[in-house]
1. Near Arg547, within a Cβ-to-Cβ distance under 9 Å, what is the net charge of the other residues, with Lys and Arg +1 and Asp and Glu -1?
2. In whole angstrom, how far apart do the alpha carbon centroids of region 390-452 and region 292-331 sit?
3. Quick check of the Kirkwood formula: for the chain, what is the inverse mean of 1/r over all pairs of different Cα atoms, in Å?
4. What GluC sites (Glu not before Pro) does region 465-554 have in DSSP loop regions with at most 16 other beta carbons within 10 Å?
5. Over all alpha-carbon pairs in region 415-455, figure out the percentage whose distance exceeds 13 Å.
6. Within the set of other residues whose C-beta is less than 12 Å from the C-beta of Arg25, count the net charge using Lys and Arg as +1 and Asp and Glu as -1.
7. For the chain, what is the mean residue ellipticity at 222 nm derived from helices alone (per DSSP H run of n ≥ 4: -39500 (n - 2.57); sum divided by total residues; nearest 500 deg cm²/dmol)?
8. Could you work out Rg/(2.2 N^0.38 Å) for region 16-105, with Rg from alpha carbons only?
Amino acid sequence: MRDPSVSRYSAGRLSPIRRIADLRRLRDEQFDVLVIGGGVTGAGAALDAASRGLSVALVEARDLAAGTSSRSSKLIHGGLRYLEQLELHLVHEALTERGLLTSRIAPHLVRPVPILVPLLTTNPPARAWNRAYYGAGVAAYDAFAGVFGTGRGMPLHRHLTRDGARGLFPSLRADAVTGAIRYYDGQVDDARLVVNLARTAASLGAAVVTSARVVGFVRQAREVVGVRVRDLEAPDAPDFEVRARTVVAATGVWSDDMSQMLRDVGVRPGMRVRASKGVHLVVPRSAITGEAGLILRTTTSVLFVIPWGGHWIIGTTDTDWELDRAHPAASARDIRYLLDQVNTVLDRPLTTDDIEGVYAGLRPLLSGEADSTSKLSREHAVVEPMLGLLLVAGGKYTTYRVMAADVIDRAARRLGGEVRPSRTDQLPLLGADGYAAAWRDRQDLARRHGVTAGVVEHLLERYGTLTTHLLAMMAAEPTLAGPLRGAPEYLAAEIAYAALAEGALHLDDVLTRRSRISIETAHRGTESAEHAAEIMGEALGWSPAVRAREVEHYLARVQAERQSQTMPDDLTADAARIGVPDVRGIAADRGGLADLLEVDL
């Protein structure tokens, strides 16, 4: 639990010094719950456990949200196709969570986005059927949100004529649509939500350590009592043990790796997870004229075209993936598929020249009998393959909190005693408290700090009420108030803040997840790398050699990704992408933050 004399913000800072202190805690303490995995489910589980008064540690092999949780469609949604498939319980659950996120838990990170369901040109009877069919579905979606959801937070749907649809989305081909239905869902910066979950868990006393890879379980007889961890920021240091009464593995598409560690004693996991690759394109806002998103049905997936600041996100594919899970690669075939699908309804077809960024992620699906990944279950499961070890997998980003509560409920039953029920439905994340008032008074805030209202709005939508801390940094060091080179929509202060308070340890963490520079700029962040490395290096005590290596690695990563996206298929794209090793684990000369701080580990 947090020391009452320490503010919630200070206790939730994932600073370099905090990492050293948390590493010491991992070695010295026995925890009630140890969570493996720093994605949305793992961070959510750590927060759920910490909010119940349990002692908690979270370890992540790479960065927070480094896998699936930073590579989604950026939507918090109920799932219209689940309604079509009559999976009403999934729709109810997801819409309830959508309402909680937009109204209470993270209103600074989750906000409404309008989406059009285009009604495609066809013969008159089919046209009437489509409007009635989709209209009934969207009406039911709204009804579920209003009757069963918590705090709707979204406007109601509306039917539009062809002219009405093209008024909202002029880039729709007039001959391709007869009208549309507009509805609303939630939009989120997925990686920033995960960082806020982890920081909020830390503010309640959880030890949160990234670049800490679990390499094995610690067992007593047939019970798991901890894990062996390798600190990838000190690769020459020996592995160490972390003791815990319950271990929770929330490792997504790596769930089978956790099971593999137990097979030497004949333990079967009780579930299998398959990976489905989803590829997204990012194009500039100027490439498409519209004030709402689109949702289109394709033969193999659902395609979204979603406004994203000064950009559009177009995705996604839905294909089986059995290659490198750390860095799934988008191939030329994936890109062509997305362009072909979206161009069926656009008056100006997009080409590869329009593309600013491409990203690929893997969805963890509970494996069933169906061959197609699009038919695999989006439900989640919690299993206990061995005493002391709980695996949670499946589900969807929107329902992370339900998954987290379920697995910690199981942990609480195992721990015994008086463990409070989950209360994360009532717990605002850091930055959410007072957000509505801060947004209302944003002009005053800008005047008081001598910045433009646009700067304050940008910060509020990314940091909520934590914005005041970034403004204070800018006042103390005016150079941080300027834009980042190559990405003027971001401030230099955001890079420093990521290193000093958000647990960013590497250049890639900042350019890919704390910001979205790697997909929002045509140069993919290469023109920002030097400046960002200077700022991070100052905050983390990097030597010139480390700074140069961070830039070199980032540039090589971008080059490898660009090359992979020209390859014809998954196999060749994967071969091109994996040529660049992960920067974690090769940091023997990192310059020693521990030495810099003269801390004995």
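1. Working: positive: Arg549; negative: Glu530, Glu534, Glu550.
Charge balance in the 9 Å sphere: -2.
2. So the separation of the two Cα centres works out to 27 Å.
3. Working: mean 1/r = 0.0405 Å⁻¹.
Averaging 1/r across every pair of different Cα atoms and inverting gives 24.7 Å.
4. Numbers: sites: Glu489, Glu494, Glu502, Glu520, Glu527, Glu530, Glu534, Glu538, Glu550, Glu552; in loops: Glu527.
In loop regions of region 465-554 (DSSP not H, G, I, E or B), the sparsely surrounded GluC sites (Glu not before Pro) are Glu527.
5. On the way: 557 of 820 pairs.
Looking at region 415-455, the distances longer than 13 Å represent 68 percent of pairs.
6. Net local charge, Arg25 excluded: +2.
7. Values: 21 runs with 217 residues, N = 601.
The per-residue figure over the chain is -10500 deg cm²/dmol.
8. Working: Rg = 16.8 Å, N = 90, 2.2 N^0.38 = 12.2 Å.
Dividing the Cα radius of gyration by 2.2 N^0.38 Å gives 1.38.
Values in this text are rule-based calculations from the coordinates and carry no lab data. As the structure is a prediction and not an experimental result, all values here were calculated from the model. As a convention, Cβ positions derive from the backbone with ideal geometry for all residues, glycine included, and neighbour counts pool all protein chains shown.
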